[in-house]
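The values are calculated or read from the model by the stated rules, or taken from the named source; none is laboratory data. None of the values given here were measured: they were computed from a predicted structure. Glycine also receives a Cβ, built like all others from the backbone with ideal geometry; neighbour counts cover every protein chain displayed. Just so you know, the surface numbers come from the protein's heavy atoms only, side chains and all, with ligands and any DNA or RNA stripped out. Shrake-Rupley method; radii C 1.70, N 1.55, O 1.52, S 1.80 Å.
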Amino acid sequence: MDYFEALKTSREQSPAPAVHSPLPLPAMHNVEETINYIKHTCSDLYFTSDSDEPVQIYQLSNPGLQALEASISKLSLPSAHDFAVFVAGDAENMEDFVAEKKPVAGFFERLCNQQVTEQQKQLAGSLKRAFDVLTEEPGTDSACYRVGVLPNIEVYVVMLIDGQVVGIKTVSVET
């Protein structure tokens, strides 16, 4: 067996790296644990577009929850338009304004694939897994909102848990 065949064989036999976070997955419907988990898991993550932007915790405040109460009371996150009005106000009338609501899977696929170090890749995968697990029960929801005026689009990846909206926020620079 030559070198390249041995390398290929060793890669095929190597187990996939374990995805881990510094903390265990938060308990279902425990908003405080979820927030703590997200803070620790995204502390070293960056979202790469035309710029590298940090991934940060995002939580709607009580006044914010009241503003979006109609959608939340239906146990679903609001439409792209309603969320954009909440976070951007009158900016929606500006040229090149973006307001989109997408599934979180596309965001996490991109986030997981663009991390540089193995630890960052594991943290991004762990964050994705937490979103998947925490939003699989009835009464929960998740979405990726893209809101802003080109070239700086704010990206909110949020979940509705126990009537609270929590998640992550970053910026996508698109020139």
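Report yes if some residue within the range 106-114 is loosely packed, with under 13 Cβ neighbours inside 10 Å, under 19 Å from the mean Cα position of the chain (by Cα), at pLDDT 90 or above and closer than 19 Å to Val166 by Cα; otherwise report no.
yes
Hey, Ser21 hits all of (1) touching a helix residue (DSSP H, G or I) at 6+ places or on another chain (Cβ under 7 Å); (2) open to solvent by 50 Å² or more (accessible area, probe 1.4 Å); (3) at pLDDT below 90; (4) under 26 Å from Glu109 (Cβ atoms) but one; which does it fall short on?
Of (1) touching a helix residue (DSSP H, G or I) at 6+ places or on another chain (Cβ under 7 Å); (2) open to solvent by 50 Å² or more (accessible area, probe 1.4 Å); (3) at pLDDT below 90; (4) under 26 Å from Glu109 (Cβ atoms), only one is false for Ser21: (2).
Please specify each residue of the range 92-111 satisfying the condition of being outside any strand (DSSP E or B) and under 15 Å from Val155 (Cβ atoms).
Listed by number, the residues that qualify are Pro103, Val104, Ala105, Gly106, Phe107, Phe108, Glu109, Arg110, Leu111.
Quick one: count up the residues across the range 119-143 that are part of a strand (DSSP E or B) and either more than 13 Å from the chain's Cα centre (by Cα) or surrounded by fewer than 23 Cβ atoms within 10 Å (Cβ to Cβ) (or both).
Of the residues in that region, 2 qualify.
State yes or no: is Lys8 among the basic types (Lys, Arg) and at pLDDT 60 or above?
Criteria not met by Lys8.
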